[in-house]
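Have a look at the structure below, then the notes.
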Amino acid sequence: MALNLVDDEDVTMETREVSPSHVLFRIESFSMHDKYGTEKYESGEFMADHYKWYRSLLPLETNSISQRQQNWERRLYSVYLAMTNPSSLASSWEVNAVFSIFLFNQISCNYLVTKGITRRFLSMKSEWGFSKFISKKIFTDPSNGCIVDDNCVFGAEVFSVKNKLVVDRLSMLKVITPYTRVWKISKFSTLKDHWTSENFIVADHNWYMLLYPKGHKEEVGRSVSIYLSYVGPNPKVMANFSICLRNQINSQHCKKRASHWFSPSTYWGFPKFLSLVDMDDTGEGFIVNDCCILEIEISVQAIAHGCK
């Protein structure tokens, strides 16, 4: 059985036979608390995954003061899960918790349970829940089994994972001097699947070039593919670079530019750098005496230093 707790908000409960793993919270003489205007009902502290939590239930008025008396049945209740003493956690820590709220149906002897939601608890935001959890009309209807003999029972289940925030320290380089490197690749026609340059260093970072003479992936048989590959050591490096295949007959070089955030052991570049038709045509000037000339110009713009 599913019960829509309020008409104007999508809070839906599903039925479960098993009790909540962490806490049951019984409110006795509920009508007396309601009559005398108790603002909040709080459970005692309970432990869940090495953290202390508590649950609270409080009324929420949705009507103006002049309407409250005549629309008393439209009153709503809010339910929240809160972390006890979140200020004791270091500022760089957070708790990601998946939690569900339970409401005991005392007629059918099972639980109505909200679908588990995931929220981030930290010192700046230590309380999450449902501002429009259930209307008074539904809650007090005897056929729903929420209140029997003036008692009601709530519960909570919390599964949390403690994560330390990972903060990247980003360094923008003030002086950016482009690095240029040229390779003369001989016996081009004898290259197999790919050609790899030796490693070279730019701004204390290691790089190398990748050239696929017959194309890479979907460009096999169509284009020459050329990439710049980052070796390390930092988690992320942003580089501006240009790759050039020199024309050895005239100045009509094939040159392409790009900017990219590189991670270690990744590459970026141009799968369709130059068509094989143009590359293999000796009259175009990109291959002369079975040799091509490849040039890279690169400048490192920024470095992200991962902090653990």
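Miscellaneous remarks
- Residues of the stretch 254-298 satisfying the condition of being small (Gly, Ala, Ser), surrounded by fewer than 17 Cβ atoms within 10 Å (Cβ to Cβ) and under 11 Å from residue 241 (Cβ atoms): 258, 259
- Neighbours by Cβ (under 8 Å, 6+ apart or cross-chain): first from the stretch 247-262, farther than 18 Å from residue 209 by Cα; second in a loop (DSSP other than H, G, I, E, B) and among the small types (Gly, Ala, Ser): 247/285; 248/285; 249/285; 250/285; 252/285
- Residue list for the stretch 208-244, filter: within 21 Å of residue 301 (Cβ to Cβ) and charged (D, E, K, R): 236
- The set of residues from the stretch 193-202 being surrounded by fewer than 18 Cβ atoms within 10 Å (Cβ to Cβ) and either in contact with a Ser or Thr (Cβ under 9 Å, 6 or more places away or on another chain) or of a type outside the set (D, E, K, R) (or both) comprises 194, 195, 196, 197, 199, 200, 201.
- Counting only residues that are within 18 Å of residue 197 (Cβ to Cβ), of a type in the set (D, E, K, R) and part of a strand (DSSP E or B), the stretch 229-288 holds 2 of them.
- Every pair of residues 6+ apart whose Cβ atoms lie under 7 Å, when the first sits in the stretch 17-32 and is in the same structural domain as residue 80 (by TED's automatic domain parsing) and touching a residue at least 40 places away in the same chain (Cβ under 8 Å) while the second is part of a helix (DSSP H, G or I) and not hydrophobic (A, V, I, L, M, F, W, C): 27/33
The values are calculated or read from the model by the stated rules, or taken from the named source; none is laboratory data. Model, not experiment: these values are computed from the prediction. FYI the Cβ positions are ideal-geometry reconstructions off the backbone, even for glycines, and counts take in every protein chain you see.
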